[in-house]
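Following: one structure in structure tokens, then a few remarks.
The values are calculated or read from the model by the stated rules, or taken from the named source; none is laboratory data. Being a predicted model, the structure only gives us computed values, none of them experimental. Glycine also receives a Cβ, built like all others from the backbone with ideal geometry; neighbour counts cover every protein chain displayed.
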Amino acid sequence: MNRFKIGHKYSLIAMIVIFAISSALYGLQSYYIGTLVDLGLEKNLPGMIELAKILLLLAGGTLFVDMISAYITNRWIYLSMNQLKKDYIDNVLNQDILDVRKSKIPKLFSNLTNDFDRYEEKYINNFIRLLSMVLQFITAIILIGTVNVYLMLVPFIMLAIMWGRSKKSSKPIKEKEKEKTESLKNYTNYINETIEGYEIIKQHQLEDTREQRFIEHATQVQKDNYQVDVQTTKADAINSLIINLLLFTIIIIGMIVARNTGLTLGNIVVVFSAFSRVIWPLQQLSLVLAEMGGIEDVIHNFELKKEDSQRDKQVDSFNHLEFKNSHLGYEDEVILQDVNLQLQRGEKILIIGPSGAGKSTILKTIRQSITPCDGSVTLNGYDISEIEAHDYFSLFATVDQVGFIFSGKLRDNITLYQDMSDQKIVQIMKQVGLGELNLDSMIQNNGGNLSGGQRARVLLARALCLDAEIIVCDEIFASLDAQVARTIESDLLALDITSINVSHIFFEENLPKYSRIYIVENNTIKVASELGEVHERMLEFTAHTP
């Protein structure tokens with residue numbers, strides 16, 4: 001991201017040119033005002049009138065240039081931020097799916113919601129100020145040089161003093177900005193977590209607890225923001241003191257020089273006008289550089305390097321999936337032991353068991369959210385941790401209760417914006433029981449205007465459109481009407497595709513359509529020997545469910 005420190009290059013060149021023209025016009029006005037003063041003292045009225053005309057033209061030109069400058073400046077900000085965000089999103093989408101899912105989501109969310117705004121405020125806007133200061137400084141030096149060459153040394157001495165001051169004041173600001181970045185990330189993640197878990201919070205009366213923690217996070221953000229402001233104000237106050245001392249020194253030196261060199265009043269006006277244009281940049285320089293230096297950690301935080309992957313096995317189709325003597329769970333807790341499960345191409349398997357038995361642990365292992373504690377899980381004979389992530393995950397499509405539905409047309413939700421003929425989409429919709437819906441129907445608020453059954457069918461249709469080779473269903477019948485769920489299961493089993501259905505709900509008439517049925521209980525999994533056993537075990541599970 002360091003390559004974007006200067007923003008959009010072509011518009012930056014235009015901004016430099018227009019700023020230079022503006023500074024030159026202001027410089028010419030200062031010079032001619034000094035000349036006008038001398039002409040007035042000489043009582044040269046014709047010369048004053050001619051010069052006044054020139055000054056009016058310069059004033060009009062300055063107004064016109066400033067209007068163009070405002071447009072170009074805003075355009076540079078717009079293009080620079082868009083360029084930065086586009087590159088950042090490109091890098092996000094280029095990340096390994098497992099790497100992002102496991103560790104980077106909080107950072108990405110914070111970058112996109114907080115850090116870009118801070119970057120624009122503290123770096124992009126200050127970059128404009130810095131560019132303006134530099135050009136004003138150069139113009140002032142030239143003006144001073146027209147009066148006395150030796151006086152040109154004074155602004156450079158002032159610049160050296162303020163540059164050193166900026167280096168010193170940027171360190172504490174940088175430290176506080178880093179702390180603010182962390183607290184903003186925690187605050188944003190907490191807000192997101194609260195919104196996503198709103199129903200659970202309300203159901204279990206967690207409002208007071210969540211409110212207290214919200215206050216803690218919000219207070220920390222305010223404290224860190226206050227500390228940044230304290231350091232910035234402190235730097236600004238010290239800078240003002242230094243500038244005032246330097247200004248007093250300049251006045252004394254100016255009086256001595258004027259007395260010994262015979263400068264005219266017009267020359268003195270030019271010199272003081274030039275120094276007035278030097279004072280503001282120098283007064284702001286230290287603060288601007290300190291703020292830009294303080295926000296550098298945020299710029300580095302935008303860097304998203306794709307980690308070297310050790311996955312070198314490639315697959316382009318699915319043949320078989322196998323769990324062999326696998327212990328599944330977490331580092332500190334094994335959930336399922338001695339798991340042996342097989343899935344061949346074209347097969348449809350059902351995994352049943354009571355809530356909390358460990359069915360989801362099997363799915364998490366397939367999704368690689370967790371890794372096996374022992375044993376092996378292979379796909380086409382390769383350990384799933386060795387298969388290139390894109391190849392592996394492109395084989396699967398998940399249908400669950402919370403599968404994301406985009407706001408927009410039904411067509412786009414099913415195809416995910418891929419080019420596909422309406423005929424094929426309609427055919428797939430009929431396969432999954434969505435034939436009555438219009439392709440251009442608008443879906444809103446994550447599928448809020450769809451019924452539970454329609455939602456599940458949309459996700460099934462999406463899986464078929466994306467040519468996934470394995471459909472993984474995760475408790476999709478849990479919140480559906482029994483008749484709707486029965487019909488969806490029947491439609492799913494009629495599809496010519498490999499599928500894994502994990503559920504604690506079953507429909508007896510559909511059981512014979514499965515290739516195998518696995519029962520999860522007592523910390524392990526086994527194949528049901530007959531349909532009667534499945535029926536018996538599920539009745540027991542239901543009887544023990546609160």
Between a first residue in segment 76-88 that is farther than 14 Å from R118 by Cβ and a second residue that is modelled with pLDDT under 85 and hydroxyl-bearing (S, T, Y), which pairs have beta carbons less than 8 Å apart while being 6 or more apart in sequence or on different chains? none
Among (1) within 30 Å of S490 (Cα to Cα); (2) not in a strand (DSSP E or B), there is one condition I370 misses while meeting the rest; what is its number? (1)
List every residue pair whose Cβ atoms sit under 7 Å apart, with the two residues 6 or more apart in sequence or on different chains, where the first one lies in segment 41-57 and is without any contact (Cβ under 8 Å) to a residue 12 or more places away in the chain and the second, anywhere, is part of a helix (DSSP H, G or I). G47/L39
Any idea which of K430, K424, K409 is touching a Ser or Thr at 6+ places or on another chain (Cβ under 8 Å) and either free of Cβ contacts under 8 Å to residues at least 60 places away in the same chain or not assigned by TED's automatic domain parsing to the domain that holds Q342 (or both)? K409
In contact (Cβ under 8 Å) with a residue 24 or more places away in the chain, buried (at least 20 other Cβ atoms within 10 Å of the Cβ) and closer than 22 Å to F396 by Cα: is that true of S503 in this structure? yes
Residue identified as in the same structural domain as A478 (by TED's automatic domain parsing), surrounded by fewer than 16 Cβ atoms within 10 Å (Cβ to Cβ), in contact (Cβ under 8 Å) with a residue 12 or more places away in the chain and in contact with a Phe, Trp or Tyr (Cβ under 8 Å, 6 or more places away or on another chain) among N340, N380, N325: N340
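Residue-by-condition table, conditions (1) at pLDDT below 70; (2) farther than 24 Å from K223 by Cα; (3) not assigned by TED's automatic domain parsing to the domain that holds I295:
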residue	(1), (2), (3)
I124	no, yes, no
I142	no, yes, no
I157	no, yes, no
R165	yes, yes, no
I173	no, no, no
Inspect all residues belonging to segment 127-140 and state whether any of them is over 30 Å from Y32 (Cβ atoms) and at pLDDT 75 or above. yes
Could you please tell me which pairs satisfy a Cβ distance under 9 Å, a separation of 6+ or placement on different chains, a first residue in segment 130-154 that is at positive phi, and a second residue that is surrounded by 15 or more Cβ atoms within 10 Å (Cβ to Cβ) and not in a helix (DSSP H, G or I)? none
Filtered residues of segment 315-354 (kept if over 27 Å from M538 (Cβ atoms) and under 37 Å from the mean Cα position of the chain (by Cα)): V315, D316, S317, F318, Y330, E331, D332
Reported set for segment 120-140 where residues are among the β-branched types (V, I, T) and closer than 16 Å to L159 by Cα is V134, I138, T139
Looking at this structure, is I414 under 22 Å from L492 (Cβ atoms), in a helix (DSSP H, G or I) and either of a type in the set (A, V, I, L, M) or not assigned by TED's automatic domain parsing to the domain that holds A463 (or both)? yes
Would you pick out the residues in segment 430-462 that are within 32 Å of the chain's Cα centre (by Cα), among the charged types (D, E, K, R) and surrounded by fewer than 20 Cβ atoms within 10 Å (Cβ to Cβ)? D440
Selected residue (criterion: surrounded by the fewest Cβ atoms within 10 Å (Cβ to Cβ)) from residues of segment 506-516 that are in a helix (DSSP H, G or I) and touching a residue at least 24 places away in the same chain (Cβ under 8 Å): E508
Find all pairs meeting these conditions: Cβ atoms under 7 angstrom apart; at least six residues apart or on different chains; first residue within segment 210-234 and under 17 Å from R118 (Cβ atoms); second residue hydrophobic (A, V, I, L, M, F, W, C). V221/L184; V228/I173; Q231/I173; T232/I173; T232/L287
Meets criteria (more than 39 Å from the chain's Cα centre (by Cα), in contact (Cβ under 8 Å) with a residue 12 or more places away in the chain and crowded, with 19+ Cβ neighbours inside 10 Å) for I519: yes
So if I check each of D419, D400, which one is surrounded by fewer than 20 Cβ atoms within 10 Å (Cβ to Cβ), modelled with pLDDT under 90, in contact with a helix residue (DSSP H, G or I) (Cβ under 8 Å, 6 or more places away or on another chain) and acidic (D, E)? D400
Residues of segment 412-421 that turn out to be farther than 13 Å from A461 by Cα and either free of Cβ contacts under 8 Å to residues at least 12 places away in the same chain or of a type in the set (S, T, Y) (or both), as a count: 3
Take the residues in segment 463-480 that are of a type in the set (D, E) and within 31 Å of the chain's Cα centre (by Cα), then tell me which one is surrounded by the fewest Cβ atoms within 10 Å (Cβ to Cβ). D467
Hey, V426 in a helix (DSSP H, G or I), of a type in the set (V, I, T) and at pLDDT 80 or above or not: yes
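For segment 403-413, name all the residues that are within 18 Å of V472 (Cβ to Cβ) and either charged (D, E, K, R) or surrounded by 16 or more Cβ atoms within 10 Å (Cβ to Cβ) (or both).
Selection gives G403, I405.
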Can you find even one residue in segment 452-472 that is under 21 Å from L410 (Cα atoms) and part of a strand (DSSP E or B)? yes
